[in-house]
Amino acid sequence: MNPTRRDFFAAGAFALAAGPALQGASLTAKDVLERIQKNVGVPWRAETVDTIKSGSLDTPITGIATTMMATLDVCQRAAAAGRNFVITHEPTFYAHEDKTDAIKDDPVYRFKQEFLDKNKMVVFRFHDHWHAHQPDGIFTGMTEQLGWGKNVDPQNPRQFVFDGVSLSDLTGQIKAKLGVKAMRVVGDPKLPIRRVAANWGYAGGFRGFTRSNIDALIVGESREWEMVEYAADAITSGQKKALIILGHIPSEQGGMKYCADWLRTFIKEVPTEFIAAAEPFWTPGA
Ligand SMILES: [Zn+2]
């Protein structure tokens with residue numbers, strides 16, 4: 001063993017011996033939050049849903065899990081893996097603001113809250129600022145997961161260009177890439193697709209569908225009596241267009257996988273992993 005290697009092993013053994021004790025004492029939920037705020041590249045907003053939803057800021061962190069939605073199932077898997085800091089894109093308690101006063105006696109809420117408390121977990125929502133990050137963290141991750149980097153429209157990073165692939169083939173590729181079981185499509189399966197706009201997550205109203213230069217709009221979810229009815233009427237009236245509904249979780253999940261990669265660039269003391277939220281739907285006969 002040459003001197004360089006011996007030094008390396010000696011240093012490694014020391015780090016190993018000192019590591020766990022230092023880790024436990026050195027990184028709290030507050031530290032993680034401050035590092036996110038420092039690295040996200042945009043000023044932290046005074047009004048935001050990006051707040052701690054459960055647990056306390058002085059909790060020592062043993063590991064971080066990023067997820068699209070902090071379902072009870074995700075929280076249980078995070079706890080089992082020793083990841084007591086959950087970073088979720090969507091709400092924890094069933095409403096955008098995560099207000100719990102009105103549900104404090106609800107059995108499902110209580111079960112989840114008691115599980116989080118018992119396991120000393122911290123849940124932080126990372127929504128507004130991950131979208132505000134340049135470029136938008138969700139868009140980056142979804143583009144990566146779909147392998148659509150080469151299809152990004154140079155005029156508009158929220159649109160993708162294709163060579164006239166049929167709606168049926170394009171949606172088949174999306175289904176395979178994202179592993180979606182229950183996506184839904186409005187439109188002629190043979191429709192040639194050249195330009196697609198993406199509204200990952202929730203699309204309110206129907207304006208997104210009115211854009212004249214697109215053949216298809218992808219959304220996570222939208223109201224059936226707003227966007228979906230408008231799309232059906234647009235098609236009946238003769239427009240050659242399609243609406244692709246992925247379900248909310250698969251439509252943003254790639255963005256939170258990418259979030260784990262991003263966090264690992266500035267949080268080294270504890271492990272960070274992405275935990276996929278399960279698609280909630282299944283389809284009879286499929
Ligand atoms: Zn989102």
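No value in this document is a laboratory result; all are computed from the given coordinates. Quick caveat, the model's predicted, so the values are computed rather than measured. All Cβ positions, glycine included, derive from the backbone under ideal geometry; neighbour counts span all protein chains shown.
If you take every DSSP beta bridge fully contained in the chain, what fraction is antiparallel? Give it as a percent rounded to 5.
Rounded to the nearest five, the antiparallel share is 40 percent.
How big is the antiparallel share of DSSP beta bridges in region 74-200, given as a percent to the nearest 5?
If we restrict to bridges inside region 74-200, about 65 percent are antiparallel.
Distance check, please: which entries in 38/120; 38/268; 53/112 exceed 19 angstrom between their Cα atoms?
Cα-Cα > 19 Å for 38/120; rest within.
Taking amide H atoms as placed 1.01 Å from N in the peptide plane, list the residues 5 or more away in sequence, or in a different chain, whose amide H sits under 5 Å from that of residue 66.
Amide H to amide H, under 5 Å and 5 or more residues apart or across chains, residue 66 pairs with 87, 273, 274, 275.
Considering the dipole of the chain built from charges on the beta carbon (Lys and Arg +1, Asp and Glu -1) around the Cα centre, which of 43, 266, 80 is farthest to its positive end?
Toward the positive end, the furthest listed residue is 266.
Where the eigenvalues come from the Cα gyration tensor of the chain, what are the semi-axes √(5λ) of the equivalent ellipsoid, largest first, in whole Å?
39, 24, 17
With loop defined by DSSP as not H, G, I, E or B, and exposure as at most 16 other Cβ atoms within 10 Å, which is the longest segment of the chain clear of exposed chymotrypsin sites (Phe, Trp or Tyr not before Pro)?
With chymotrypsin sites (Phe, Trp or Tyr not before Pro) excluded where exposed in loops, the chain gives 95-265 as its longest stretch.
Which one, 40, 196, 165, has the greatest fluctuation when you compute a Gaussian network model over the chain with C-alpha springs under 10 angstrom?
Residue with maximal mean-square fluctuation among 40, 196, 165: 165.
Taking the alpha-carbon set of region 137-246, what are its Rg and Dmax in Å?
12.8, 37
Expected output is a single nm value to one decimal: the length gained when fully extending between residue 224 and residue 58, i.e. 0.36 nm times separation in residues minus the C-alpha distance. What is it?
Details: separation 166, 0.36 × 166 = 59.76 nm, distance 4.35 nm.
55.4 nm is the gain from fully extending residue 224 to residue 58.
I need the calculated FRET efficiency for the pair residue 240 and residue 282, taking r as the beta carbon distance and R₀ as 30 Å, to the nearest 0.05.
For R0 = 30 Å, the calculated efficiency reads 0.40.
For the Cα atoms of the chain, what angle does the longest principal axis make with the long axis of helix 248-264, in degrees from 0 to 90, nearest 10?
That helix lies at roughly 30 degrees to the long axis.
Choose one answer from 238, 179, 141: the residue with the largest mean-square fluctuation in a GNM of the chain with alpha-carbon springs under 10 Å.
Checking each option, the largest mean-square fluctuation is seen for 238.
Let me spell out the model: positive unit charges on the Cβ of Lys and Arg, negative unit charges on the Cβ of Asp and Glu, origin at the Cα centre of region 198-247. What dipole size does that give, in debye rounded to 20?
Result for region 198-247 is approximately 200 debye, rounded to the nearest 20.
Let me spell out the model: positive unit charges on the Cβ of Lys and Arg, negative unit charges on the Cβ of Asp and Glu, origin at the Cα centre of the chain. What dipole size does that give, in debye rounded to 20?
680
Ignoring everything except DSSP H segments at least 4 long, calculate the 222 nm mean residue ellipticity for the chain; use -39,500 (n - 2.57) per segment, divide by total residues, nearest 500.
Details: 10 runs with 112 residues, N = 286.
The per-residue figure over the chain is -12000 deg cm²/dmol.
May I ask you to list the trypsin sites (Lys or Arg not before Pro) in region 176-233 that are in a DSSP loop and have at most 11 other Cβ atoms within 10 Å of their Cβ?
Here the sparse-neighbourhood loop sites are 190.
Antiparallel versus total DSSP beta bridges in region 137-246: what percent is that, nearest 5? Present the calculation step by step, with values, prior to reporting the outcome.
On the way: 10 of 19 bridges.
Taking every DSSP beta bridge with both residues in region 137-246, the antiparallel ones total about 55 percent.
What does the net charge come to around residue 160 if you take all other residues with beta carbon closer than 12 Å to its beta carbon, with K and R at +1 and D and E at -1? Don't skip to the end; give the middle numbers.
Details: positive: 150, 158, 194, 195; negative: 153, 163, 215.
Overall, the nearby charge balance is +1.
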